[in-house]
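K.L.:
Shown below is the structure under consideration.
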Amino acid sequence: MTNYYQRAEFQLSAPSLAELPPDQGREVAFAGRSNAGKSSALNTITNRRALARTSKTPGRTQAINVFRLDEARALVDLPGYGYAKVPEAIKRHWQAALPEYLAQRQALVGLMLIMDVRHPLTDYDRQMLEWCHHAGLAVHILLTKADKLKRGPATATLHQVRKQLQAEFPNTTAQLFSSLKRDGVEEARAQLDRWLTV
């Protein structure tokens with residue numbers, strides 16, 4: 001299904017859960033702290049340079065953006081979290097809406113959680129993992145910007161993250177990922193295949 005993700009097309013931007021497409025088929029959501037490289041990861045995985053808007057300004061994604069793969073499958077870009085300059089009202093709105101989406105959305109089969117390899121498992125990331133754990137939702141972590149570290153330190157960070165996950169969130173998997181060097185793309189697509197293939 002390697003070329004399958006290149007079919008991704010923007011469907012809609014939903015400012016609230018009520019405006020999402022009908023709750024059917026299968027979808028995988030992408031979440032992460034603002035500036036962790038979520039939009040870049042989505043663009044790299046789909047091989048579409050401008051599918052998700054990337055910005056030097058963190059907190060740009062302030063709605064749920066849905067990218068349709070076919071009639072039955074979609075990728076979903078959730079609002080970035082943890083960025084101070086996002087208006088307080090928007091923060092409060094998504095603080096309430098995201099756990100509801102993770103717990104109640106029947107079409108949601110997995111979450112790609114994006115973390116900067118240099119700053120993994122922040123308090124915000126742990127909050128997201130807790131919500132997914134309570135919802136019984138599978139999570140796969142992309143440790144992005146792996147090109148910013150040498151191979152040894154990057155691998156050591158991956159092992160440390162996996163060790164912590166084993167202790168706290170045993171059903172969560174993790175890998176290294178670099179949008180710049182396109183490292184880890186096939187591994188990420190393989191995980192998407194497992195979730196999206198019926």
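The values are calculated or read from the model by the stated rules, or taken from the named source; none is laboratory data. Treat the numbers as computed from the prediction; the structure is a model and nothing was measured. All Cβ positions, glycine included, derive from the backbone under ideal geometry; neighbour counts span all protein chains shown.
K.L.:
Only one residue in Arg118, Arg126 is in contact with a helix residue (DSSP H, G or I) (Cβ under 7 Å, 6 or more places away or on another chain), surrounded by fewer than 19 Cβ atoms within 10 Å (Cβ to Cβ) and over 30 Å from Tyr4 (Cβ atoms), so which one is that?
P.N.:
Only one candidate passes the filter, namely Arg118.
K.L.:
Within segment 42-50, is there a residue that is modelled with pLDDT under 90, out of contact with any Lys or Arg (no Cβ under 6 Å at 6 or more places or on another chain) and closer than 23 Å to Ser178 by Cα?
P.N.:
There is at least one residue in segment 42-50 that is modelled with pLDDT under 90, out of contact with any Lys or Arg (no Cβ under 6 Å at 6 or more places or on another chain) and closer than 23 Å to Ser178 by Cα.
K.L.:
Of the residues that sit in segment 22-33 and are more than 10 Å from Asp116 (Cα to Cα) and touching a Leu at 6+ places or on another chain (Cβ under 8 Å), which one is surrounded by the fewest Cβ atoms within 10 Å (Cβ to Cβ)?
P.N.:
If we take residues in segment 22-33 being more than 10 Å from Asp116 (Cα to Cα) and touching a Leu at 6+ places or on another chain (Cβ under 8 Å), then Arg26 is surrounded by the fewest Cβ atoms within 10 Å (Cβ to Cβ).
K.L.:
I would also like to ask the following. Can you find even one residue in segment 53-64 that is surrounded by fewer than 20 Cβ atoms within 10 Å (Cβ to Cβ), at pLDDT 90 or above and not aliphatic (A, V, I, L, M)?
P.N.:
no
K.L.:
For segment 34-51, give me each residue that is surrounded by fewer than 24 Cβ atoms within 10 Å (Cβ to Cβ), on the phi < 0 side of the Ramachandran plot and not in a helix (DSSP H, G or I).
P.N.:
Ser34, Arg48, Arg49, Ala50, Leu51
K.L.:
Can you tell me which residues in segment 161-189 are surrounded by 13 or more Cβ atoms within 10 Å (Cβ to Cβ) and out of contact with any helix residue (DSSP H, G or I) (no Cβ under 9 Å at 6 or more places or on another chain)?
P.N.:
Scanning segment 161-189 gives Val161, Arg162, Gln164, Glu187.
K.L.:
What's the number of the only condition in (1) among the hydroxyl-bearing types (Ser, Thr, Tyr); (2) touching a Gly at 6+ places or on another chain (Cβ under 8 Å); (3) touching a residue at least 40 places away in the same chain (Cβ under 8 Å) that Ser178 fails to meet?
P.N.:
Every condition holds for Ser178 apart from (3).
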